[in-house]
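What follows is one structure encoded as structure tokens, with my remarks underneath.
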Amino acid sequence: MSTHDTTTEPAESAEPAERIAPASPERLIYFSDAVVAIAITLLALELPVPGAEAHGDSGVQHFLREHLTEYVAFLVSFVAIAMQWMLHQRVFRYVSGLSGGAIRWNLLWLLLIVVTPFTTKLLTSEADAFRIQFIVYAASQALTSLAFRLTVADLRRSGLLRPDAPRSVIAETLAWADATIVTFTVSIPVALVTHWASLCWALLPLTQKILRRVT
């Protein structure tokens, strides 16, 4: 009985899966800058302007005094959006790539930025619902900083912050984000007992310094 030699072909070595390179951050940075600019523009478009009903200098002065709350709210929201943009650019100048998670959190951050003109208008509307109006505005500001915080956390976890990123700059930036979350969140229960809860927001710089020291 003859035996036939059986030869086995060497198993094909599995080719390593292609690694997808991280997305370039430039497009997201430009897109974010454009969205922030649009949000600030929409914020300004909501400012009340005297019409034909305001007669003479005294009429215009009366109109401006009557809508002082809207103008102050505009300044507060402008500063809030500008601060968010400043924090964003301070971190993203040291980003070498983008992960899917960072992109999604950044899009949520942009969504909350775009919502700011609406929450500002709601805050100053004539609706007799101060608590709801205030809570919606304060919560949106806190969530905006939280979305930014999560974006940075995903970038760090994915190793997409460049090695030359100064630790002090990143730490200080995150302290501002954390201070915004804390300050606006704390103002929410205060608003349940007083209409002066917005004064809590003036403590933002102090809160940032405290958090910077303890972290």
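In this structure residue 121 has an accessible area near 120 Å², from a 1.4 Å probe over the protein heavy atoms. Rolled with a 1.4 Å probe across the full set of protein chains, the surface gives residue 62 an accessible area near 100 Å².
Result for the chain in a Gaussian network model with C-alpha springs under 10 Å: among 100, 159, 51, the largest mean-square fluctuation is at 51. For the chain, a Gaussian network of Cα nodes joined below 10 Å ranks 90, 104, 65 by mean-square fluctuation, and the top entry is 65. Per residue, segment 131-215 exposes 53 Å² of accessible surface when a 1.4 Å probe is rolled over the protein heavy atoms with every protein chain present. For segment 142-215, the equivalent ellipsoid derived from the alpha-carbon gyration tensor has semi-axes of 28, 14, 7 Å in decreasing order.
Between residue 60 and residue 34, the FRET efficiency estimated from the beta carbon spacing at R0 = 30 angstrom works out to 0.30. Centre-to-centre, using Cα atoms only, segment 51-110 and segment 118-162 are separated by 12 Å. Average 1/r across all pairs of distinct alpha carbons in the chain, invert it, and you get the Kirkwood radius: 20.2 Å. Here the sum of -39500 (n - 2.57) over DSSP H runs of 4 or more residues, divided by the residues of the chain, equals -23000 deg cm²/dmol at 222 nm, to the nearest 500. Full extension of the chain between residue 172 and residue 103 gives 22.6 nm of extra length, using 0.36 nm per residue less the Cα-Cα distance. The accessible surface of the chain, taken with every protein chain in place and a 1.4 Å probe, is 64 percent carbon and sulfur. Across segment 127-142, the residues whose backbone nitrogen lies under 16 Å from the label position 7 Å along the beta-carbon direction of residue 192 are 130-136, 138-139. The 1.4 Å probe gives accessible areas that order 157, 93, largest first, as 157, 93.
On the basis of the beta-carbon distance and an R0 of 25 Å, residue 53 and residue 131 show a calculated FRET efficiency of 0.20. For residue 46, the solvent-accessible surface with a 1.4 Å probe is about 90 Å², rounded to the nearest 10. Taking the longest Cα principal axis of the chain as reference, the axis of helix 26-45 is set at about 20 degrees.
Extension gain, residue 164 to residue 42: 0.36 nm times the residue separation minus the Cα-Cα distance gives 40.3 nm.
The values are calculated or read from the model by the stated rules, or taken from the named source; none is laboratory data. Because the structure is predicted, anything quoted here is derived from the model rather than measured. Note: ideal-geometry Cβ built from the backbone for every residue, glycine included; neighbour counts use all protein chains shown. Each accessible area value is taken on the protein alone, full model and side chains, heavy atoms only, with ligands, DNA and RNA left out. Shrake-Rupley method; radii C 1.70, N 1.55, O 1.52, S 1.80 Å.
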